[in-house]
Amino acid sequence: MTDDSEKTGTFLVTAADDDAAVLADVDDGQVHTLATNPGVEVGEAIEGTVAPEPPLEVAWQLVDVAERWTISVEESAESPTTLERDVAAEQAVGELTRRERAGIGEIHVLTVAEGETEAAVADVLDDEEGLRSRAARLGVERVIVRSEPGVVSVRYLP
């Protein structure tokens, strides 16, 4: 194994069982199947280094962990904030606005047809891997989806 074959980055655990795990690089999407599970669980983000496992180098091993955290995804009963409602009011149905939060994270505001709000929330929540991947890129631990008729907000929070 050469140092050139190692890869350092932020990875999302997309599958895990007692024997193996799958990590996806949140920046380039490359998938790394670990030959063994070093104790990781689906939904965790890992800042670390993976390297091909000798001698065949067809599977990977997690050789260093700098940081590790679990990312939760939940739907909140709270309505979007005044800012989120104002953003939604300024955009057309189907538009998405991304805003940095004060501090760490992002807020995404999607304007939808009022009758489609529940379906839009369900679609957002169905993409749990995508939500967690973005959260891992942002270095945050929580994804909270809020809604009211015509507005869906996705909050990426520390």
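Pairs needed: first member in segment 138-158, in contact (Cβ under 8 Å) with a residue 12 or more places away in the chain; second member anywhere, of a type in the set (Phe, Trp, Tyr) and surrounded by fewer than 17 Cβ atoms within 10 Å (Cβ to Cβ); C-beta distance under 7 Å; at least 6 residues apart or different chains.
Pairs that qualify, where the first residue is in contact (Cβ under 8 Å) with a residue 12 or more places away in the chain and the partner is of a type in the set (Phe, Trp, Tyr) and surrounded by fewer than 17 Cβ atoms within 10 Å (Cβ to Cβ), are GLU141/TRP69.
Within segment 40-49, take every residue that is assigned to a strand (DSSP E or B) and not hydrophobic (A, V, I, L, M, F, W, C) and give me the one that is farthest from GLU74 (Cα to Cα).
First pass over segment 40-49, keeping only residues assigned to a strand (DSSP E or B): 44-49.
Those still in the list that are not hydrophobic (A, V, I, L, M, F, W, C) too: 44, 47-49.
Values: GLU44: 15, GLU47: 23, GLY48: 26, THR49: 29 Å.
This residue is THR49.
Report yes if ILE104 is closer than 22 Å to VAL13 by Cβ and more than 12 Å from the chain's Cα centre (by Cα), otherwise no. Reasoning before the result, please.
On the way: closer than 22 Å to VAL13 by Cβ: yes; more than 12 Å from the chain's Cα centre (by Cα): yes.
Answer is yes for this residue.
Provide a single number: the residues in segment 102-131 that are assigned to a loop (DSSP other than H, G, I, E, B) and within 20 Å of GLU148 (Cβ to Cβ). Break it down stepwise before answering.
From segment 102-131, those assigned to a loop (DSSP other than H, G, I, E, B) are 102-105, 112-113, 127; that's our starting set.
Next, from what is left, pick out any that are within 20 Å of GLU148 (Cβ to Cβ): 112-113.
Residues meeting the conditions: 2.
Hey, any hits in segment 68-87 for a residue that's part of a strand (DSSP E or B), in contact (Cβ under 8 Å) with a residue 12 or more places away in the chain, open to solvent by 80 Å² or more (accessible area, probe 1.4 Å) and among the acidic types (Asp, Glu)?
Residues of segment 68-87 part of a strand (DSSP E or B): 68-70, 72-75.
With in contact (Cβ under 8 Å) with a residue 12 or more places away in the chain added as a condition, the list becomes 68-70, 72-75.
Filter again for open to solvent by 80 Å² or more (accessible area, probe 1.4 Å), leaving 68, 70, 74-75.
Still in the running and among the acidic types (Asp, Glu): 74-75.
Scanning segment 68-87, I find at least one residue that is part of a strand (DSSP E or B), in contact (Cβ under 8 Å) with a residue 12 or more places away in the chain, open to solvent by 80 Å² or more (accessible area, probe 1.4 Å) and among the acidic types (Asp, Glu), so the answer is yes.
Quickly run through segment 18-34 and pick out the residues that are in a strand (DSSP E or B) and either open to solvent by 80 Å² or more (accessible area, probe 1.4 Å) or farther than 17 Å from GLU128 by Cα (or both). Write out each step before concluding.
If we filter segment 18-34 for residues that are in a strand (DSSP E or B), which is where we start, we get 21-25, 31-34.
Residues satisfying the conditions are ALA21, VAL31, HIS32, THR33, LEU34.
Looking at (1) open to solvent by 60 Å² or more (accessible area, probe 1.4 Å); (2) not in a strand (DSSP E or B), which is the one condition that is false for ASN37?
(1)
Considering only residues of segment 132-152 that are more than 13 Å from PHE11 (Cβ to Cβ), buried (at least 19 other Cβ atoms within 10 Å of the Cβ) and among the charged types (D, E, K, R), which is nearest to the chain's Cα centre (by Cα)?
Restricting to residues being more than 13 Å from PHE11 (Cβ to Cβ), buried (at least 19 other Cβ atoms within 10 Å of the Cβ) and among the charged types (D, E, K, R), the top hit is ARG134.
When you scan segment 50-64, how many residues do you find that are in a strand (DSSP E or B) and surrounded by 14 or more Cβ atoms within 10 Å (Cβ to Cβ)? Give the steps one after another, and end with the answer.
In the first step, residues of segment 50-64 are kept if they are in a strand (DSSP E or B); the result is 50-52, 60-64.
Retained after the next criterion (residues that are surrounded by 14 or more Cβ atoms within 10 Å (Cβ to Cβ)): 50-52, 60-63.
Final tally of qualifying residues: 7.
The values are calculated or read from the model by the stated rules, or taken from the named source; none is laboratory data. Since this is a predicted model, take the numbers as computed values, not measurements. Note that each Cβ is placed from the backbone with ideal geometry, even for glycine, and that neighbours are counted across all protein chains shown. For the accessible areas, the whole protein counts, side chains as well, though only heavy atoms, and no ligand, DNA or RNA atoms are used. Shrake-Rupley method; radii C 1.70, N 1.55, O 1.52, S 1.80 Å.
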